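Asker: Before I ask anything, let me first share the structure, which is written out below as structure tokens.
The values are calculated or read from the model by the stated rules, or taken from the named source; none is laboratory data. Just so we're clear, the structure is a prediction, and the values are computed from it rather than from any experiment. Cβ: placed from backbone, ideal geometry, glycine included. Neighbour counts: every protein chain shown. Heads up: the accessible areas ignore ligands, DNA and RNA and are worked out on the full protein's heavy atoms, side chains in. Shrake-Rupley method; radii C 1.70, N 1.55, O 1.52, S 1.80 Å.
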Amino acid sequence: MKRALLIVLLILLALLGTVLALLGTRAGNLWLLERARPYLPGELSVENWRGSLLTGVTLARLHYRQGENDQALDVELTDLDLEAAPRDLWYGWLHLRHLRAGQLTLTLPAGEPADPDAPPFALPASLAPPLGLRVDELRLGRFTLAGDSPLVIDDLRGDDLAARGELSVPDLALTVADTRLRARLEGRLQRPYEMDGELDWRR
């Protein structure tokens, strides 16, 4: 009996060591990335990955593309610096101590023509994510939603952001078209949606 328990313990320790090696080292992270690449519906490229998912990651550029021509989803992220708190996954939270990036450019697929007979848009019963999300510090130099009429947001900053059953955005600041906006928003992410917030702006 003791021998069987010892064997089980050794197997569990070996599995734990393998998981830590994959998540806690740069080589392990890159190996996981290569294994996941064939299962992605699009093409993913990463440049200059440093660090690990357990200790913090920096990378020069991440690019993902799915689809062709005007039906393509295209995401490009530069100068990413991310530090997570992996222990909080045990409590159902994806916790990022900081998330910083130089630029994020998003191009969405062209939409289908509106159907006049389609039912009116309605929010689902819940917008709550399956895993709680918390970001202690968010910094983004520029966000661009590309398209015929692109939306550009400069210097996006937020602290102590959280979303689970409720949304908590105590302080979010950004610049749009030379106008500095500052917002606070709190409320439920489930029906009935109840939101409370403030918005200030200045040129």
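Asker: Provide Rg over Rh for the range 119-203; use the alpha carbon set for both Rg and the Kirkwood Rh (inverse mean inverse pair distance).
Answerer: Looking at the range 119-203, the ratio lands at 1.01.
Asker: Could you sort 83-91, 37-45 so that the peptide with the highest average Cβ count within 10 Å comes first and the rest follow in order?
Answerer: 83-91, 37-45
Asker: Same structure, new question: At 0.890 mPa s and 25 °C, plugging the Kirkwood radius over alpha-carbon pairs of the range 85-168 into Stokes-Einstein gives what diffusion coefficient in µm²/s?
Answerer: 156 µm²/s
Asker: Would you rank LEU174, LEU99, LEU94 by solvent-accessible area, highest first, keeping every protein chain in place and using a 1.4 Å probe?
Answerer: Per-residue accessible area, sorted high to low, gives LEU94, LEU99, LEU174.
Asker: While we're looking at this one, here's another question. Using only the Cα atoms, what convex hull volume per residue in Å³ does the range 35-90 have?
Answerer: 113 Å³
Asker: Separate question: Taking every Cα atom in the range 42-143, find the radius of gyration and the maximum pairwise distance Dmax, and write them in Å.
Answerer: That works out to 17.4, 52 Å for Rg and Dmax.
Asker: Mind checking the range 128-203 for chymotrypsin sites (Phe, Trp or Tyr not before Pro) that DSSP puts in a loop (not H, G, I, E or B) and that have at most 16 other Cβ atoms within 10 Å?
Answerer: Loop-located and lightly packed - TYR193.
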